[in-house]
Amino acid sequence: MVELYLDADACPVREEAYKVADRHGLVVHVVTAGNVRVPWHPLKRLVLVEAGPDAADDWIAERIRPGDICVTSDVPLAARCLKAGGQAVGPTGRRFTPDNIGEALAARELARHLRELGEPGGGQRPLAARDRSRFLDALEQLVQAGKRSA
């Protein structure tokens, strides 16, 4: 059965993910260092991890299995999920795949390097309604594909 993992501390699409999960009866692991509220539901599981830069990532990467889906904007975590056979999708609906993860990691590294050199960074733009719609579509497609292959 497909399970959903939310890298929840900075996830702006939790409510959308809950809706898709509820529609399909999926277990949702909401992984956080403690600043996220999770509505009570027997299939929603709050996972509290120690505060730290990779604690949530490590928890997810150690447990995700083939067919499972991780919602994250963290490119290295997405790469770890893909390596474990899982799927990964960002809050804007961008699906991370074996074909595009290398480019995403390289772009992240380039941006980090430019910041170290003092170049101003734009950061992430606010999430628009069309981003939320793309996310819902992408997550729905991943869930359906995961259910078909299970």
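Computed from the coordinates by the stated procedures, all read-outs in this text should not be read as laboratory data. None of these values were measured; they are calculated from a predicted model. All Cβ positions, glycine included, derive from the backbone under ideal geometry; neighbour counts span all protein chains shown.
Is the stretch 15-82 best put as rounded, prolate or oblate by its Cα gyration tensor, with a ≥ b ≥ c the root eigenvalues, rounded for a/c under 1.5, and otherwise prolate when a/b is larger than b/c, oblate when not? Cα axes put the stretch 15-82 in the oblate bin.
Using a ≥ b ≥ c from the Cα gyration tensor of the stretch 49-98 (square roots of the eigenvalues), is it rounded, prolate or oblate, where a/c under 1.5 gives rounded and otherwise the larger of a/b and b/c decides, a/b for prolate?
Values: a/c = 2.10, a/b = 1.32, b/c = 1.59.
Oblate.
Its Cα centre serving as origin, the chain has a Cβ charge dipole (Lys and Arg +1, Asp and Glu -1) of approximately 520 debye.
For the stretch 3-149, what D do you get in µm² per second when you plug the Kirkwood radius from alpha-carbon pairs into Stokes-Einstein at 25 °C and 0.890 mPa s?
156 µm²/s
Counting beta carbons within 10 Å around each of R115, R95 and listing the fewest first gives the order R115, R95. Here K83 is the anchor, and the lysines within straight C-alpha reach of less than 23 Å, apart from those fewer than 8 places off in the same chain, are K147. For the chain, what is the mean residue ellipticity at 222 nm derived from helices alone (per DSSP H run of n ≥ 4: -39500 (n - 2.57); sum divided by total residues; nearest 500 deg cm²/dmol)? Computed ellipticity for the chain at 222 nm equals -14000 deg cm²/dmol. Counted residue by residue at 0.36 nm each, then reduced by the alpha carbon distance between them, the extension gain from L127 to A106 reaches 5.3 nm.
Each of V89, V75, L117 was placed along the dipole of the stretch 58-150 (beta-carbon charges, centred on the mean Cα), and the one lying farthest toward the positive end is V89. If both residues of a DSSP beta bridge must be in the chain, then about 10% of such bridges are antiparallel.
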